[in-house]
1. In this structure, does Ser100 turn out to be among the polar types (S, T, N, Q), open to solvent by 20 Å² or more (accessible area, probe 1.4 Å) and without any contact (Cβ under 8 Å) to a residue 40 or more places away in the chain?
2. Say whether the condition of being of a type in the set (S, T, N, Q) and in contact with a strand residue (DSSP E or B) (Cβ under 6 Å, 6 or more places away or on another chain) is met by at least one residue in the stretch 407-428.
3. Checking Thr394 against (1) farther than 28 Å from Leu453 by Cβ; (2) surrounded by fewer than 19 Cβ atoms within 10 Å (Cβ to Cβ), which test does it fail?
4. Tally time: how many residues in the stretch 314-345 are open to solvent by less than 20 Å² (accessible area, probe 1.4 Å) and among the small types (Gly, Ala, Ser)?
5. Residues that are outside the structural domain of Asp480 (by the TED database), open to solvent by 10 Å² or more (accessible area, probe 1.4 Å), within 21 Å of the chain's Cα centre (by Cα) and of a type in the set (Phe, Trp, Tyr): does the stretch 360-375 have at least one?
6. So, Ala524, is that one of a type in the set (A, V, I, L, M), under 27 Å from Cys379 (Cα atoms), open to solvent by less than 30 Å² (accessible area, probe 1.4 Å) and in a helix (DSSP H, G or I) or not?
7. Sort through His490, His474 and tell me the only one that's part of a loop (DSSP other than H, G, I, E, B) and not acidic (Asp, Glu).
8. Would you point out which residue out of Ser478, Ser470 is open to solvent by less than 30 Å² (accessible area, probe 1.4 Å) and free of Cβ contacts under 8 Å to residues at least 40 places away in the same chain?
Amino acid sequence: MFPMLTLLSMFYYICLRRRSRSGTRSEALGSRRAVELGQRSALPVTVEVEQYGKEVLDFSSHYGSENSMSYTMWNLAGVPNVYPSSGDFTQTAVFRTYGSWWEQCTSSAQRFRRTPPSFHSQDYLELAFEEPVYPTAVEVLETYHPGAVIKILACSLNPFSQNPPVDVRWEVLWAGKPNKALTPQARQFSPSIKQINFATNLLRLEVNSSLLEYYTELDAVILRGVRERPILALYKIPVIDINDLSDSEEEISEAGGLCCRSGGENRHNLGNGYFDRLPYELIQLIVSHLPVPDLCRLAQSCKLFHKHCCDPLQYIQLSLQPYWARLTDASLSHLLSRCTLLQRLNMSWTGNRGAVTAAGFCSFMKACGVSLVCLELSCCHFLTEACLEVIAQTCPCLQELNLASCDRLQPQAFNHIVKLTNLRRLVLYRTKVEQSAILSILTFCPELKHLNLGSCVMIEDYDVVASMLSARCHSLRSLDLWRCRNLSEHGLAELVSGCRLLEELELGWCSTLQSSSGCFQHLARSLPRLRKLFLTANRTVCDSDLEELAANCSALEHLDILGTRMVSSASLRKLLQCCPQLKLLDVSFCSQVDSRLVQELSGLFPNVSIKKSFTQ
C-alpha cells in the first residue's frame, strides 16, 4: 500500500510541475491546497469591466485618406458611430481590399512557398484600451459584410506604460478560418475566447476578406474583463495528458520563440532508419514541404536530417510573416548560415516593439542579401534609414521591394532606393516618400513595371511624377495612384501617352480629374491593354467615357465607377456587351443605377460581379 501511495504522490507532483509552466509557482501551490482541503466552493464574485477602444495604434491598410476620418481605421476607437444600423457608412473602419480581385491582378506579389496552410491573415489592426484586464469576452461590432475577422490576439505590453516589459508576449484568444456571414447586415461578433495568465489592454485583430462580397466595415470593439486574475475552481483544472509530462528545457524554449538551433550533435543518435538509403534529392523534396518551425525541429532529430534541413537550397524562399509574433534578432541570427542562397524574403509585419532591431536586420541582410530578388517589408516599423542603405548596398539584384505602410520611415530614407537600378516592382503605399525621392527613383529605375504610390501624402505635384513616368518608364504595367491629391488632366494625358503598356490604373478618389476635359476618353483610346481601371468617387464620369472604354478596352476585367451621377443604363449595357472579360463592376452610389437595374444586368451577364452598396 505504501509504495502505491508514493507512486501516486510522485505522479501528482509531476502534474503540478507541468501546470506551473503556464502560471506562477504560487498558482500551482494554490491549486494543490484546493485539492488537499477540498475547497469546492464557488468562485468569488468579481466585477467585470467593459471598455471600448481608446486608440488605434497600428494597422496594415485602410480605405480612407491619411488626412480625414472617412473609412479610416481610426474610426474604430471609441463608442459605436453606426451600430446597430447596417450598410455603407463613412464613420466606420474599412480595409483597402476585399474578395480575390486584387490577388488576380498582375501587380499582385507571387505567393511564397512554405506558407503554413493555417495562416490566412491579409490585414491587421492593433487597438489599445484604457485599463489592462484579464479578458472574459471580446465583441466586434460589424456593420457591413461581416465575417472578415479570423484571429484575435492579446498582448502583455501596456502601450501606455512608461516601463514596458523586456519580454513582449502575444497570445491568441480566438482563431478561425476565412468565412462570410449569411447576410451583409450588422452583427455583434463575440467568439468564445480562451483564458490567459496576464492582464491586457492591447488587442490585435487579423482579417481575411477573400470570401466577402464587398468591403467589410467595423464600428467598434468592446473588451470585457476583470481586474484580478480569476482563481480557477477545482472542476476547471484541465485534464493532464500522460504523454505531455516532458520537462525538457528545449520544449519550453521552443514554445517561446522561433529559434533554429545549430544541430543535433548533443543528442544520442538512434539511427536514421531507412532514410539514409534514399537519394539526397528525394529527401530534399520531402523536407521542402515543411513549414519553417518544423524544419528547425526536424534538424534536431539526427545528423542526417540536420544536414538536409540546414541545406541553403531549402531557404531559397523564406516567409517569416506567419511568425511575426515570435521573430526576434536571435531568430535571424540562427538563420544566417542557412540563408546564403536566399532569393525571396518576406518579413512583413515582423519585428515591431523591439523584437527585431535595425542592427539585427542589417546584420542579416549583409550576410544573406546578395542574391535577393524579392523583399517584402510591409508594416516593419523597426526599419530606419540605415536599413534601407544596407539594402541598397548589399542587394544589387533586387527586383521587388515592398515598403507598404512603413509610415515611420523618415522621408530621406527613400533616397537610397535609387541604387536599386534593377527594380521591377516597388510598393510605397502609405509612406512618407517625397517628390524629390520618387523622381530620383524613376530616373535611375527605368525598368519598373509595377509602382504603388497610393496614399503618399508627401508628394506635392503628381503631374511632375506622371511626366517622369511617361519619359522614363515605358515598360510600366500597373500604377496605383489611390487618393493622390493633385493629378490633373494634363498629367494624366502625359502619363497614358508615354506608358501605353499599362494594364492596371488606380485613380480612385482623385477628385481633381474632370471628365469634361476628355481625359478619360483619351485614356481609353491610349491604353488598349487595360484590364483594371478604378475611377472611384469621381462624380464626373459619364456615358461618353464608358462608350470609349467599350470601344477600345475589350480586355477590361475590373472597373470601379462608384459615386458617379452621369452614367446611364444604356452605356452600362454597351460596356458589358463589348467587354466579355469583365468580372467586377462597382456601381455603388451611382444615382442613375438602382437595385432593379443591377438585378436585371446581373441576370443578363452572370459572369460579372456587379456591386451596388447600400445604406440602411
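1. On the way: among the polar types (S, T, N, Q): yes; open to solvent by 20 Å² or more (accessible area, probe 1.4 Å): yes; without any contact (Cβ under 8 Å) to a residue 40 or more places away in the chain: no.
The answer is no for Ser100.
2. Going residue by residue through the stretch 407-428, those that are of a type in the set (S, T, N, Q) are 410, 412, 415, 421-422.
Still in the list and also in contact with a strand residue (DSSP E or B) (Cβ under 6 Å, 6 or more places away or on another chain): none.
No, every residue in the stretch 407-428 fails to be of a type in the set (S, T, N, Q) and in contact with a strand residue (DSSP E or B) (Cβ under 6 Å, 6 or more places away or on another chain).
3. (1)
4. 2
5. No, because not a single residue in the stretch 360-375 is outside the structural domain of Asp480 (by the TED database), open to solvent by 10 Å² or more (accessible area, probe 1.4 Å), within 21 Å of the chain's Cα centre (by Cα) and of a type in the set (Phe, Trp, Tyr).
6. No.
7. Values: His490 fails: part of a loop (DSSP other than H, G, I, E, B).
Going through His490, His474 in turn, the sole match is His474.
8. Numbers: Ser478 fails: free of Cβ contacts under 8 Å to residues at least 40 places away in the same chain.
Matching residue, one of Ser478, Ser470: Ser470.
The values are calculated or read from the model by the stated rules, or taken from the named source; none is laboratory data. Please read these numbers as outputs of a predicted model, since none were measured by experiment. Glycine gets a Cβ as well: all are built from the backbone with ideal geometry, and neighbour counts include every protein chain shown. Only protein heavy atoms, including side chains, enter the accessible area calculation; ligands, DNA and RNA are left aside. Shrake-Rupley method; radii C 1.70, N 1.55, O 1.52, S 1.80 Å.
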